[in-house]
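Since every read-out is calculated from the coordinates, none of them should be taken as a lab result. Just so we're clear, the structure is a prediction, and the values are computed from it rather than from any experiment. Cβ coordinates were reconstructed from backbone atoms using ideal geometry, including for glycine residues, and neighbour counts include every protein chain displayed.
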Amino acid sequence: MITIVDYKAGNLTSVKRGLDHLNIENQVSADPEVILNAGQIIFPGVGQANAAMQVLKDRGLDQALKAAFQRGTPILGICIGCQIILTHSEEGDTPCLDLLPGSCLRFRLPDPSLKIPHMGWNAVSVTQPHPILAHLRPGDEFYFVHSYYPRPQDPACQYASADYGGPFPVAIGQDNLFAVQFHTEKSGPPGLKLLENFANWHA
């Protein structure tokens with residue numbers, strides 16, 4: 001059973017629909033006890049880092065996620081769930097969950113024709129293999145909507161990149177934690193394949 005973390009962030013329904021389409025058993029929960037005892041966790045969302053962290057703290061979900069990570073529960077972060085697993089976000093100068101050492105940085109683009117947020121389809125390049133990225137082909141595109149991007153402290157924790165005014169990390173992870181900046185649930189067959197790979201991942 002995959003548990004989707006409900007912390008008032010957008011896009012939870014799309015993730016659930018993607019899992020339902022794949023016939024993968026799932027539930028949405030805001031209960032810290034349910035999160036703590038989940039078999040697998042998806043931590044998705046669209047929103048602002050400071051507001052998201054406040055809701056996590058108010059509901060006790062921050063401690064539940066930290067405890068689940070420590071006990072080895074497989075966790076997949078998506079979009080803002082990829083950003084606030086890090087130590088700090090420049091968005092609102094926000095201390096985050098610190099599951100993976102690193103920072104979430106705002107795009108600083110040298111080309112004024114490139115707009116922020118980075119929105120739309122972009123090719124993802126795998127930089128080192130990971131079971132969740134298995135079967136991705138060179139040039140596979142995923143859907144992005146974001147103004148900030150993850151930068152892990154250890155480059156070995158980066159598994160894929162994309163290019164927007166220069167390369168930036170789009171898939172990061174360590175041990176039983178993996179996270180992607182793009183929206184798997186809005187990325188067609190490649191995104192659904194990634195969700196399926198996560199469901200079959202035994203971290």
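Quickly run through segment 5-25 and pick out the residues that are aliphatic (A, V, I, L, M), outside any helix (DSSP H, G or I) and either without any contact (Cβ under 8 Å) to a residue 24 or more places away in the chain or more than 17 Å from N197 (Cβ to Cβ) (or both).
V5, A9
Looking only at segment 155-203, which residues are touching a residue at least 40 places away in the same chain (Cβ under 8 Å), assigned to a strand (DSSP E or B) and within 13 Å of the chain's Cα centre (by Cα)?
Within segment 155-203, V170, A171, I172, G173, Q174, L177, F178, A179, V180, H183 meet the criteria.
Just to be sure, is E33 among the charged types (D, E, K, R) and touching a strand residue (DSSP E or B) at 6+ places or on another chain (Cβ under 8 Å)?
For E33, the condition - among the charged types (D, E, K, R) and touching a strand residue (DSSP E or B) at 6+ places or on another chain (Cβ under 8 Å) - is not met.
Residues in segment 26-47: is at least one of a type in the set (S, T, N, Q), in a strand (DSSP E or B), in contact with a Leu (Cβ under 8 Å, 6 or more places away or on another chain) and under 17 Å from N176 (Cβ atoms)?
Within segment 26-47, one or more residues are of a type in the set (S, T, N, Q), in a strand (DSSP E or B), in contact with a Leu (Cβ under 8 Å, 6 or more places away or on another chain) and under 17 Å from N176 (Cβ atoms).
Tally up the residues in segment 141-163 that are surrounded by fewer than 20 Cβ atoms within 10 Å (Cβ to Cβ) and out of contact with any Ser or Thr (no Cβ under 7 Å at 6 or more places or on another chain), please.
Qualifying residue count for the region: 8.
Limited to segment 99-126, what total is found for residues that are out of contact with any Lys or Arg (no Cβ under 9 Å at 6 or more places or on another chain) and over 23 Å from F69 (Cβ atoms)?
19
Quick one: Y7 ticks every box in (1) surrounded by fewer than 18 Cβ atoms within 10 Å (Cβ to Cβ); (2) in contact with a Leu (Cβ under 9 Å, 6 or more places away or on another chain) except a single one, so which number is it?
So Y7 meets the others, but not (1).
Kindly evaluate T87 against the criterion of being within 30 Å of H202 (Cβ to Cβ), in contact (Cβ under 8 Å) with a residue 24 or more places away in the chain and surrounded by fewer than 24 Cβ atoms within 10 Å (Cβ to Cβ).
Taking the combined requirement at face value, the residue satisfies it.
Kindly evaluate L97 against the criterion of being in a loop (DSSP other than H, G, I, E, B), within 16 Å of the chain's Cα centre (by Cα) and surrounded by 13 or more Cβ atoms within 10 Å (Cβ to Cβ).
Answer is yes for this residue.
Here are the criteria: (1) part of a helix (DSSP H, G or I); (2) buried (at least 22 other Cβ atoms within 10 Å of the Cβ); (3) touching an Asp or Glu at 6+ places or on another chain (Cβ under 8 Å). Tell me which single one C104 does not satisfy.
(1)
I want to confirm something. Restricting to segment 111-154 and keeping residues that are in a loop (DSSP other than H, G, I, E, B) and of a type in the set (G, A, S), which single residue is farthest from K193 (Cα to Cα)?
Checking each candidate, the answer is S113.
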